[in-house]
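The values are calculated or read from the model by the stated rules, or taken from the named source; none is laboratory data. From a predicted model like this one, the values you see are computed outputs, not experimental measurements. Glycine gets a Cβ as well: all are built from the backbone with ideal geometry, and neighbour counts include every protein chain shown. Accessible surface is based on the protein model in full, side chains and every heavy atom, while ligands, DNA and RNA are left aside. Shrake-Rupley method; radii C 1.70, N 1.55, O 1.52, S 1.80 Å.
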Amino acid sequence: MMHDFKSLLVSQEGPVLRVQLNCPETGNAISGPILDELLAVLGALDDETGIRVLILSGAGDDFCLGGDRAEFPALLAADPSGVELRALANKARRVCDALATTDVVTIARLHGGVVGAGVGLAVFCDLRVGADNCRFRLPELGLGVPPAWGGIMPRLLSEGGAARVRELILTADNFDAVTAQELSLLHKVVPVDQLDSTVTRWTKPLIRRSPAALRTAKLMMNGYANAHRLADASLFDAELLSSALTVAASAGRR
């Protein structure tokens with residue numbers, strides 16, 4: 001497993017891989033380069049047969065304050081057709097798909113702000129623990145874009161329920177860790193100083209499980225979760241996001 005990244009801290013302890021978003025000066029805002037590095041890590045998991053668990057966390061005061069808001073207008077300025085923006089959005093989708101479908105059990109260790117794309121990364125992990133200081137938000141509509149990052153919509157609806165998720169998206173309200181647990185967006189809420197011990201309690205039994213049994217269980221859970229969906233409309237997310245931003249940018253130039 002590669003350890004030399006600019007935006008991530010990656011370390012391996014036996015069968016456990018720790019991946020930390022490491023851009024605290026931006027609140028670990030998700031940019032194209034971070035997505036590239038996450039894809040490199042996740043893409044290598046299939047070749048690292050000894051890894052059983054991946055722990056995703058964030059450096060600094062926040063897990064992740066969302067997407068890099070400066071990147072969208074910069075990409076549109078460089079390419080008004082939106083091709084580059086669609087490529088970025090598709091990259092986000094590939095990262096989220098990889099988190100959900102990898103044979104490795106993925107654990108999100110959350111603290112501070114968990115916003116937009118940060119919610120997306122977290123909700124695609126198998127298990128999620130949040131500190132009691134977590135603050136969540138889905139701000140996309142308030143920013144004038146659809147909630148189309150990474151194919152997040154069907155995952156949110158599946159995990160949190162349509163009625164409550166609809167409220168959170170339409171109002172773009174902040175919500176706390178307790179509310180996130182009520183929505184099953186968190187499995188556990190603990191004091192900040194108990195985050196690591198909680199992750200360890202999950203990790204210890206997981207690394208003793210049969211890799212084949214874990215792999216099959218994840219395939220079964222993903223399969224049953226998606227069984228009711230006749231078509232995956234989130235495949236259009238990159239096009240929707242690109243189109244919305246391109247139209248908004250065009251209107252702003254008039």
*Any idea what the dipole of the chain comes to, in debye rounded to 20, about its Cα centre with Lys/Arg Cβ at +1 and Asp/Glu Cβ at -1?*
560
*Arranged from highest to lowest average of other beta-carbon atoms within 10 Å per residue, in what order do the peptides 136-146, 112-122, 203-213, 4-14 appear?*
112-122, 136-146, 4-14, 203-213
*asked:* Can you list which of the DSSP-assigned H helices in the chain have a Cα extent of 20 Å or more along the long axis and an average Kyte-Doolittle score of at least 0.5?
replied: 237-253
*Based on the mean of other beta carbon atoms within 10 Å per residue, what is the order of 81-92, 156-167, 62-73, 185-196, most packed first?*
62-73, 81-92, 185-196, 156-167
*For region 158-204, state what percent of all Cα-Cα pairs lands in each successive 10 Å bin, counting from 0 Å until the bin that includes the largest distance.*
23, 45, 23, 9
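For the chain, what does the accessible surface come to per residue with a 1.4 Å probe? Please give it in Å². Before the final figure, lay out each step's value.
Values: 11980 Å² over 254 residues.
Here the residues of the chain average 47 Å² of exposed surface.
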*Dividing the Cα radius of gyration by the Kirkwood radius, what Rg/Rh value follows for region 83-233?*
0.97
*Of the listed values (i) 38, 19, 16; (ii) 41, 26, 14; (iii) 29, 20, 19, grab the one calculated as semi-axes √(5λ) of the Cα gyration tensor in Å from the structure here.*
(iii)
*Mind listing the Cα extents of region 66-136 along all three principal axes, in Å, largest one first?*
41, 30, 10
*asked:* Probe radius 1.4 Å, ligands and nucleic acids ignored: give me the carbon and sulfur share of the accessible area of region 31-176 as a rounded percent.
replied: 52
*Measuring from the lowest to the highest alpha carbon on each principal axis, how far does region 8-154 reach, largest first, in angstroms?*
46, 35, 30
*If each Cα of region 99-157 is one equal point scatterer, what is log10 of I(q)/I(0) from the Debye formula at q = 0.28 Å⁻¹?*
-1.20
